[in-house]
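Colleague: Quick one: this structure, given as structure tokens, is what I'll be asking you about.
The values are calculated or read from the model by the stated rules, or taken from the named source; none is laboratory data. Here the structure is a predicted model, which is why all the values come from computation and not from measurement. Reconstructed Cβ throughout: ideal geometry from the backbone, glycine too, with neighbour counts over all protein chains shown. Each accessible area value is taken on the protein alone, full model and side chains, heavy atoms only, with ligands, DNA and RNA left out. Shrake-Rupley method; radii C 1.70, N 1.55, O 1.52, S 1.80 Å.
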Amino acid sequence: MALNPRVEVRRSSRRRRTVSAYRDGDKTVVLVPASFSHAEEKRWVDRMLERLQAREQRRRPSDDALQARALELAERYLDGRVTPTSVRWVDNQNTRWGSCTPADGSIRLSRRLSGMPSWVVDYVLLHELVHLIIPGHGREFWDLVRRYPKAERARGYLEGVAAAPRLGILSEDQTEAAADDAENDAD
């Protein structure tokens, strides 16, 4: 979180007790009941900024954690047939969820995945791990990917996330809320 984040407080006469917050670009929007005093508002804004920061940190595992998870998935679903040399988050993949280079054993996942449910990230990791064994998308490739029990569910989730903005279905904060709900459903 930035040292001086831009915060917009929106008071609502329909809100009675609940407070919520979300990121909207470079600002944070905090929704509070109109009946709150300025002291209550300040206390809740501070609390919500802390909660958002904590949630964002939980959702951004390190490259080391990503590498460890890839090794676990390779062992569990691919019988340890592959060991990636590096697994890391990247910021320059805006049209792909992940990529790999079989020649050097490296895997890159789009940072756009970092806020998604862990079972979706696991699916993308496994997909890229299988590419280290089989470069194309033939039958043998998909047979290995389908060893992951939530493969079809994760594919559907990613297709929905990709389609929603084009269809104007969800705003950015609604997409984040849906990701939260899916994460809670998976646990």
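Colleague: Would you calculate the separation in nanometres between label points at Arg10 and Ala164, each defined as 7 Å from the Cα along the Cα-to-beta-carbon direction?
Modeller: 1.6 nm
Colleague: Same structure, new question: At 25 °C and 0.890 mPa s, grab the translational diffusion coefficient of segment 32-82 from Stokes-Einstein with a Kirkwood Rh over Cα pairs, rounded to a whole number in µm² per second. Kindly include the intermediate steps, with their values, before the conclusion.
Modeller: Working: Rh = 14.2 Å.
Translational diffusion coefficient: 173 µm²/s.
Colleague: Quick one: give the max-minus-min coordinate of the C-alpha atoms of segment 1-92 along each principal axis, largest first, in Å.
Modeller: 61, 25, 19
Colleague: Could you calculate, for the chain, the ratio of the Cα radius of gyration to the Kirkwood radius, expressed as Rg to Rh? List each step's numbers first, then the result.
Modeller: On the way: Rg = 19.7 Å, Rh = 18.5 Å.
Here the Rg-to-Rh quotient is 1.06.
Colleague: Taking H as built 1.01 Å from N, whose amide H comes closer than 5 Å to the amide H of Asp24, not counting residues under 5 places away?
Modeller: Val29
Colleague: Mean Kyte-Doolittle of at least -0.5 and a Cα length of 18 Å or more along the axis: which whole DSSP H helices of the chain meet both?
Modeller: Details: long enough: 38-58 (30 Å, -1.80); 63-78 (21 Å, -0.34); 118-133 (23 Å, 1.26); 151-167 (24 Å, -0.20); 172-186 (21 Å, -1.55).
Qualifying helices: 63-78, 118-133, 151-167.
Colleague: Skip the ligands, DNA and RNA, and give the accessible area per residue of the chain with a 1.4 Å probe, whole Å². Don't skip to the end; give the middle numbers.
Modeller: Working: 11030 Å² over 187 residues.
On a per-residue basis, 59 Å².
Colleague: For segment 81-146, state which trypsin sites (Lys or Arg not before Pro) are in a DSSP loop and have at most 14 other beta carbons lying within 10 Å of their beta carbon.
Modeller: Details: sites: Arg81, Arg88, Arg96, Arg108, Arg111, Arg112, Arg139, Arg146; in loops: Arg81, Arg96, Arg146.
Passing sites in segment 81-146 are Arg81, Arg96, Arg146.
Colleague: Here's something else I'd like to know. At 1.4 Å probe size, with the rest of the protein present, what percent of the exposed accessible area of the chain is carbon and sulfur atoms? Before the final figure, lay out the partial values.
Modeller: Details: 5280 of 11030 Å².
Carbon with sulfur: 48 percent of the solvent-accessible area.
Colleague: I need the shape label for segment 66-131. Rule: rounded when a/c is under 1.5, else prolate if a/b > b/c, else oblate, with a, b, c from the alpha carbon gyration tensor. Kindly include the intermediate steps, with their values, before the conclusion.
Modeller: Working: a/c = 2.04, a/b = 1.32, b/c = 1.55.
It comes out oblate by the Cα gyration axes.
Colleague: If you don't mind, there's one more thing I want to ask. Multiply the residue separation of Ile134 and Val90 by 0.36 nm, subtract the distance between their alpha-carbon atoms, and state the gained length in nm to one decimal. If you can, show how the numbers build up before the last one.
Modeller: Working: separation 44, 0.36 × 44 = 15.84 nm, distance 2.26 nm.
Gain on stretching Ile134 to Val90: 13.6 nm.
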